[in-house]
Amino acid sequence: MEIVISDKLKSAAPDYFMVLVEADVTNSVTSDSLWQEIEDYSAYLRENLELSQVNKRPGIVATRNAYKACGKDPNRYRPSSEALCRRIVRGMELYKIDTLVDLVNLLSMKSGYSVSGFDRDKIAGDTLTIGVGEEGEPFEGIGRGPLNIAGMPVYRDAVGGIGTPTSDNERTKIDLNTTHAVICIHIYGLDMPVEEVISLTERLLTQYAAARNITVRAVK
């Protein structure tokens, strides 16, 4: 898959790069062992992070700054990494979805980066363009309905937007029938070291989704 980063996004977020992971996978109902890992890390966050500190994590700060530079208020449209951590620190449980979605959420919480997970077979074409949302651009957020993505970083295929740091699109979402996953780790500023986040992604995919033919590359 080719990745193109638009000049508009480069100007707003000059440090942005993506780690792109593709793999053949077997999705399933979330196992007890994966959910235990999620619960263990949730407990760690609650013990070590105050609510007021969540948006001070370096990866979250950088993503919020990118929102501001693109023209979006990150307090109204929080990056997914921030929203997940806030939910946990406030004492709320995460929703259990399926193996791939839940491990993407764990990856986002641990790394501090917003992470998109897509079904490759639902992506139109072979190119993802990383840009900025336009006024009136249609986008159906997963579980959110129509989402105003104007002034928000957006990831587009040949049809239109499929992901943002806040929410991915219903059209390309992962489900239990997904056999080819695309995971995009969006790094606007460093938090977890890149090699560590790659290693974590590969472990989670292999351990819980029987991943095969894993390919990883960083795109700037």
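The values are calculated or read from the model by the stated rules, or taken from the named source; none is laboratory data. Nothing here was measured: the structure is a model prediction, and the numbers come from that model. A quick note on method: Cβ atoms are made from the backbone with ideal geometry, for glycine too, and the neighbour counts reach across all protein chains shown. Accessible surface is based on the protein model in full, side chains and every heavy atom, while ligands, DNA and RNA are left aside. Shrake-Rupley method; radii C 1.70, N 1.55, O 1.52, S 1.80 Å.
Assorted remarks:
- Residues in region 1-27 that are among the charged types (D, E, K, R), touching a residue at least 40 places away in the same chain (Cβ under 8 Å) and not in a strand (DSSP E or B): 8, 15.
- Matching residues, region 203-213, being open to solvent by 70 Å² or more (accessible area, probe 1.4 Å) and assigned to a helix (DSSP H, G or I): 203, 206, 207
- In region 8-27, the residues that are in contact with a Gly (Cβ under 9 Å, 6 or more places away or on another chain), of a type outside the set (Lys, Arg) and surrounded by fewer than 18 Cβ atoms within 10 Å (Cβ to Cβ): 15
- Count of residues meeting criterion [in contact with a Leu (Cβ under 7 Å, 6 or more places away or on another chain) and free of Cβ contacts under 8 Å to residues at least 24 places away in the same chain] in region 28-57: 0
- Residue 89 crowded, with 17+ Cβ neighbours inside 10 Å and touching a strand residue (DSSP E or B) at 6+ places or on another chain (Cβ under 6 Å): no
- Check on residue 193, in contact with a His (Cβ under 8 Å, 6 or more places away or on another chain) and either in contact (Cβ under 8 Å) with a residue 40 or more places away in the chain or open to solvent by 50 Å² or more (accessible area, probe 1.4 Å) (or both): no
- Boolean, residue 200 is open to solvent by less than 10 Å² (accessible area, probe 1.4 Å), more than 25 Å from residue 65 (Cα to Cα) and outside any loop (DSSP other than H, G, I, E, B): no
- Scan of region 124-139 for residues that are buried (at least 22 other Cβ atoms within 10 Å of the Cβ) and either modelled with pLDDT under 95 or not in a strand (DSSP E or B) (or both), ordered by number: 139
- Residues in region 28-85 that are part of a loop (DSSP other than H, G, I, E, B), closer than 18 Å to residue 147 by Cβ and either open to solvent by less than 50 Å² (accessible area, probe 1.4 Å) or among the aliphatic types (A, V, I, L, M) (or both): 72, 74, 77, 79.
- Number of the exception - residue 94 against (1) at pLDDT 95 or above; (2) outside any helix (DSSP H, G or I); (3) surrounded by fewer than 23 Cβ atoms within 10 Å (Cβ to Cβ); (4) aliphatic (A, V, I, L, M): (1)
- For region 164-174, the count of residues that are assigned to a strand (DSSP E or B), in contact with a helix residue (DSSP H, G or I) (Cβ under 8 Å, 6 or more places away or on another chain) and open to solvent by less than 50 Å² (accessible area, probe 1.4 Å) is zero.
- The condition of being touching a helix residue (DSSP H, G or I) at 6+ places or on another chain (Cβ under 6 Å) and either modelled with pLDDT under 95 or within 23 Å of residue 126 (Cβ to Cβ) (or both) does not hold for residue 159.
- Yes/no for residue 177 being in contact (Cβ under 8 Å) with a residue 40 or more places away in the chain, assigned to a loop (DSSP other than H, G, I, E, B), over 12 Å from residue 115 (Cβ atoms) and open to solvent by 50 Å² or more (accessible area, probe 1.4 Å): yes
- Filter result (of a type in the set (Val, Ile, Thr) and within 15 Å of the chain's Cα centre (by Cα)) within region 156-193: 162, 164, 166, 172, 174, 182, 183, 185, 187
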